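Below is one structure, written out as structure tokens; the observations come after it.
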Amino acid sequence: MSFKSNNAAQARQELRQAIWDCRERRLDVSAKWAAQQLAGMGEDSSGSQQRPQIPQESSPSYSIQEEDAYQLAISHFDFREYLSATNVLKPYIGNPSSSLKTYFLYYYSHYLSAEKQRAEKRAAPAGLAAWAAKDDYLLYIKAGIEALGTAADGFLLYLLGLVFTELKDEPQARAALCQAVTKYPCNCASLWLELQESHEALEVMESLSADFKDSDVLLRSVALAYNNLQMYDEAQEMFEMLLKRDPHRIDGMDVYSNIIYVKEDYAGLATLARRCAETDPYRPETCCVIGNYYSLRGQHEKAIVYFRRALKLDPGYIPAWTLMGHEFVELKNPSAAIEAYQKAVGLRPNDYRAWYGLGQTYELVNMPSYALHYYDKAAQLRRNDSRMWNAMAHCYASPALDNIPAAIRCYERALENDKEGVAVQQLATMHKKRGDKKEAAKYYRMNLVRIDEEGLNGQDAVEALQYLAQYHKEEGELDIASTYFERLLDFQGAQEDAKSELRELQMEMTRAKANKATGRSPGAMSTPGSDMGITPPPR
């Protein structure tokens with residue numbers, strides 16, 4: 001994708017208009033997104049010296065009295081006095097001449113008021129009443145926006161999508177959000193990150209870099225996409241570029257800290273934690289980074305303190321619930337871990353990490369049937385993630401379930417995207433135990449190719465070489481068997497057996513050649529007078 005000069009100018013103007021429109025509606029995240037995309041387009045290469053057109057209100061004209069009321073309402077809104085904002089705008093709701101902007105702020109204030117009550121009363125005894133009140137507000141907002149019919153603009157449809165999401169009506173939410181983007185393409189900040197689950201989406205985002213070469217939003221999205229695809233080196237490189245552009249950046253640093261954690265970079269995580277704490281210690285992302293730092297050092301109690309602090313700052317900050325669950329697992333407190341994971345999936349049912357954590361916790365307490373249920377939930381959300389299928393296979397293979405055919409199917413499903421080689425090793429081992437030598441040899445051969453490509457020399461390599469050597473020996477393929485035995489000479493602990501096997505093979509091959517030359521049958525073979533020393537060929 002690449003803009004022509006006139007299209008680039010139009011895109012710039014649309015982004016400027018989006019900044020104006022989103023700020024007027026107090027959609028600060030979307031306004032920031034549009035501003036970053038505008039800045040990411042770089043300098044205008046058209047050579048135009050004209051001042052950009054000043055954005056105008058995109059809604060239909062309305063009365064001065066309504067504008068005055070709107071300004072008062074956004075003043076209440078800015079102070080989080082959401083119900084006061086709705087009270088100011090209520091006289092204009094239902095009036096055909098009222099602006100759609102007024103409708104949006106009215107219903108958006110209702111929505112945020114319900115969210116605020118939910119956060120404040122979450123731990124109160126009357127928590128169930130707060131949930132019921134929230135649902136009443138959602139139904140009220142839904143009915144009000146739907147009553148507008150086709151007159152509803154992209155912003156109102158976006159809000160309707162949020163309402164359907166809270167009501168757990170995913171098909172309707174998807175339809176409303178798609179309509180919202182169609183009617184107002186530049187208000188898609190909250191939809192942007194939904195495109196990070198596949199290689200195809202990554203290609204789309206990378207193709208946009210020609211037009212938004214300086215866009216932090218695009219760079220962050222590419223980094224998150226790499227992370228979701230478990231391409232951690234590439235993701236780390238993108239995040240480091242973001243930090244070079246803005247050393248005080250907080251957005252996305254919680255994800256970056258997870259990558260550093262996985263790579264066990266103690267110094268890097270300490271540096272990131274210090275930088276975030278100096279920039280803004282009262283951001284949930286900062287607390288998450290510090291919590292990861294303490295977790296990597298094995299100080300799990302301190303890590304939990306910071307994850308709890310993140311939740312005090314933002315009760316809806318889902319990564320903190322999930323990471324706190326991980327810490328309770330480390331502390332061997334399964335009941336607390338399950339509670340934390342359930343909080344996470346309650347807030348976001350599509351959080352595969354929390355579903356996976358639940359499965360892992362139930363597996364640790366020897367409840368594989370429950371674990372299998374939660375692993376399956378995670379696998380449905382991440383169909384191409386080998387970790388989910390490997391976990392399901394492990395449950396099926398447990399003594400309690402002992403469903404080896406199902407385990408094999410799961411490992412086969414994981415095989416394509418299994419970068420760590422867990423599935424191929426387990427498939428080889430399972431087929432070996434079942435006595436299916438041909439299938440076992442196939443998977444050992446596949447695993448050996450992976451091991452050679454990655455330059456590994458562990459026990460898995462020894463096991464594969466030993467099995468393949470014996471398999472080809474039994475099949476009468478002595479040259480191939482010799483090749484595998486020769487490779488075993490490089491591994492301590494396997495050298496003596498390999499030398500013995502090579503001597504035996506050498507004698508058999510020598511007798512076979514002699515018999516072929518004299519025309520004697522194998523049954524007339526004579527016993528050689530002495531063993532022969534074998535020197536492996538240079539590698």
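The values are calculated or read from the model by the stated rules, or taken from the named source; none is laboratory data. From a predicted model like this one, the values you see are computed outputs, not experimental measurements. Note: ideal-geometry Cβ built from the backbone for every residue, glycine included; neighbour counts use all protein chains shown. Only protein heavy atoms, including side chains, enter the accessible area calculation; ligands, DNA and RNA are left aside. Shrake-Rupley method; radii C 1.70, N 1.55, O 1.52, S 1.80 Å.
For this structure, a couple of remarks:
- Solvent-accessible surface ranking, highest first, for V262, V217 at 1.4 angstrom: V262, V217
- With the biggest extent put first, the Cα atoms of region 341-388 measure 26, 25, 12 Å across the principal axes.
- Under 17 Å of direct C-alpha separation, and excluding same-chain neighbours fewer than eight residues apart, K433 reaches these lysines: K442.
- Near-label residues of region 333-356 by backbone N, under 18 Å of a point 7 Å along Cα→Cβ of N366: 333-335
- For region 421-505, projected area of the alpha-carbon convex hull averaged over all directions, nm²: 5.2 nm²
- Take each peptide in 312-319, 239-246, count the other Cβ atoms within 10 Å of every residue, and average; sorted highest first, the result is 312-319, 239-246.
- Under 13 Å from K377, Cα to Cα: aspartates and glutamates that are on another chain or at least 8 residues apart: D351, D385
- Three principal axis extents describe the C-alpha atoms of region 392-471; from largest down they are 35, 27, 18 Å.
- Between region 224-262 and region 284-334, the Cα center-to-center distance that results, in Å: 19 Å
- Cα centroid of region 345-373 to Cα centroid of region 393-447, whole Å: 22 Å
- Counting only lysines at least 8 places from K312 when in the same chain, those with an alpha carbon closer than 19 Å to its own are K116, K121, K302, K343.
- Annotation: average projected area of region 370-516 is 10.0 square nanometres, based on the convex hull of Cα atoms across all directions.
- Debye log10 I(q)/I(0) at q = 0.15, 0.34 Å⁻¹ for region 254-297, Cα point scatterers: -0.27, -1.28
- Placing dummy labels 7 Å off each Cα toward the beta-carbon, the span from L148 to D452 is 6.4 nm.
- Computed FRET value (nearest 0.05) for R274 with Q380, which takes r as the C-beta separation and R₀ as 60 Å: 0.95
- Ranked by how many other beta carbons lie within 10 Å on average, peptides 219-226, 334-341, 498-505 from highest: 219-226, 334-341, 498-505
- Overall dimensions of region 212-313 as given by Cα atoms, namely Rg and Dmax in Å: 13.2, 43
- Using the 1.4 Å probe convention, the accessible area of region 257-348 works out to 48 Å² per residue with neighbouring protein chains retained.
- Sorting 449-460, 102-113 by their mean Cβ neighbour count within 10 Å, with the most densely packed peptide first, gives 102-113, 449-460.
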